[in-house]
Amino acid sequence: LLWGRIADVYGKRLIFIWGSAWLTGMSLLAPFVRSEIGFDVVRGLQGLGAAAMVPTAIGILGTVFGGGRARNYAFSCYGAGAPLGGIFGNLFSGVLGQYLEWRWIFWIFAMLAAAVTVAGYFVIPLPPPPPPEALPISMRRNVDWIGGTLVTVGLLILLFALTEGNVVGWSTPWVPVLIVVAVLMIALFAVWQAYLERRGENKPLMKVSIFKNMRFCAANIIMLLFFASFNNFLIYATYWFQGYEGLSVIQTTLRFIPTGVSGVIVAFITAHLLSLLPTRVILTFGTLSVSLSSLLFAVPLKDGTTYWAYGFPAMVLSVCGADTLYPTLTLYTAKSLPSEDQALGGALINAVGQVGRAIGLAIATAIQTAVIADKKGLDVEAIGGDGQHGLSPGDPALKAGLRSAAWFNFGIAVVALLIVQFFFRGAGKVGGKS
């Protein structure tokens, strides 16, 4: 959110390029850090660069492409980046995990980020110069540092508490205390934003008034639930193949290739459908597809069931959902906000998705470890933070834990489906002319 506001104030192109350059530098640095704490800090600093790039990228698309078919293709191509990254990322990670040392992960990441930096400098058009009567930019008046601190620290505390609860146990006193503190900080952030917007002297980090639009609120909730379900599906499918079935990294990688191939196809088909079908129809298809992908892993399966009976259709369905939902929701957000708030809108929709992904994984892991602990007759702490510790392939308790997480992923996707039916009834075509 903070980067989104800074980009809207100082220029989306500038922030995108500097964010990419920063990401390049931190990726080069990470393999050379010896201590665990130092390494974690550098990984966090990597996130600063990525957080600057994502909202500005969406903001750039929203301002450069005015509307109609060109904008539909722009947002669909942006969405197609995920399955393309899935194809090459899975292939490269499989090779790296099997044959090279871990440092190459970061060095290849740095090469890719450097290429994006150079491409951004030459490809992204320069913004128009400000009008002569424009007031000089003030960091104090135009960027809400108090709000940025409140929401960032609040979310960090919340995610830390939810994640560590799976490791140290939910009965540990400081876990619920941190959750309460985090919720209070996020609530205080919302109150502070409303105060700044009502006062009108300094720009808030996020305009609370945009949430008066119920469909806009629903779009953000759908993004949160979708990201949680889709991300969990990918992670728990990996656990299933590697942890339960005992497959190698390369064998697991091959089973994920359909997500990339079908994802690219779906993304370009979606570019056509955005201007032909009502938003509700596209979102219904997307949420239904994501829910079914997890359902295929949740239903009881006999050991030895062929991958083609459940794994392959689940992989295809997952990206059918992701590559229809993501461009539709980001395009809807772009159309709902004025040009001066495009990067902020991109920041908001992606921040909601990332928070949903983190919280969804924490809850799914808690469910999984609780089920495994119950089956094993152990305490949650004995299972481990990822629910895999000390469990060998084919363990019935591991299978039950993974299936319970898949049922949770199915459930939150169904909730997203119900929200679509209720709030997007009568919605028009998101890909029509502005």
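The values are calculated or read from the model by the stated rules, or taken from the named source; none is laboratory data. If you're wondering where the values come from, they're calculated on a predicted model, not measured in any experiment. No Cβ is skipped: glycine too gets one built from the backbone with ideal geometry, and neighbour counts run over all protein chains shown. Heavy atoms of the whole protein, side chains included, go into the accessibility calculation; ligands, DNA and RNA do not. Shrake-Rupley method; radii C 1.70, N 1.55, O 1.52, S 1.80 Å.
Hull surface divided by four, with the convex hull built on the Cα atoms of the chain: how many nm²? Before the final figure, lay out each step's value.
Details: hull surface 86.0 nm².
Taking a quarter of the hull surface, the average projection is 21.5 nm².
Please state the shape class of segment 1-128: rounded when a/c is under 1.5, otherwise prolate if a/b exceeds b/c and oblate if not, all from the C-alpha gyration tensor. Write down the numbers at each step before the final one.
Working: a/c = 2.54, a/b = 1.51, b/c = 1.68.
Oblate.
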Open item on the list: Taking the 0 to 90 degree range and rounding to the nearest ten, how far is the long axis of helix 307-336 tilted relative to the main principal axis of the chain, both from C-alpha atoms?
Closed with: 20
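Per DSSP helix of 4 or more residues, -39500 (n - 2.57); summed, then divided by the residues of the chain. What does that give at 222 nm, rounded to the nearest 500? The partial results should precede the final answer.
Numbers: 15 runs with 329 residues, N = 434.
So the helix-based figure for the chain works out to -26500 deg cm²/dmol.
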TODO: Could you sort 261-269, 420-428, 73-81, 52-60 so that the peptide with the highest average Cβ count within 10 Å comes first and the rest follow in order?
DONE: 52-60, 73-81, 261-269, 420-428
Open item on the list: Beyond 25 Å, how much of the Cα-Cα pair distribution for segment 150-306 remains, as a whole percent?
Closed with: 56
- [ ] Would you please name the GluC sites (Glu not before Pro) within segment 155-253 that are DSSP coil residues with at most 14 other C-beta atoms within 10 Å of their C-beta?
- [x] Glu201
Open item on the list: For the chain, what does the accessible surface come to per residue with a 1.4 Å probe? Please give it in Å².
Closed with: 47
Open item on the list: Using each residue's phi in segment 154-159, evaluate 6.51 cos²θ - 1.76 cosθ + 1.60 at θ = phi - 60° and report the 3J(HN,Hα) Karplus result to the nearest Hz, with x for Gly and Pro.
Closed with: x, 5, 4, 5, 4, 5
Task: Using θ = phi - 60° and Karplus 6.51 cos²θ - 1.76 cosθ + 1.60, couplings along segment 201-216 (whole Hz; Gly, Pro as x) - done: 7, 10, 6, x, 5, 9, 6, 5, 5, 5, 7, 5, 7, 5, 5, 5
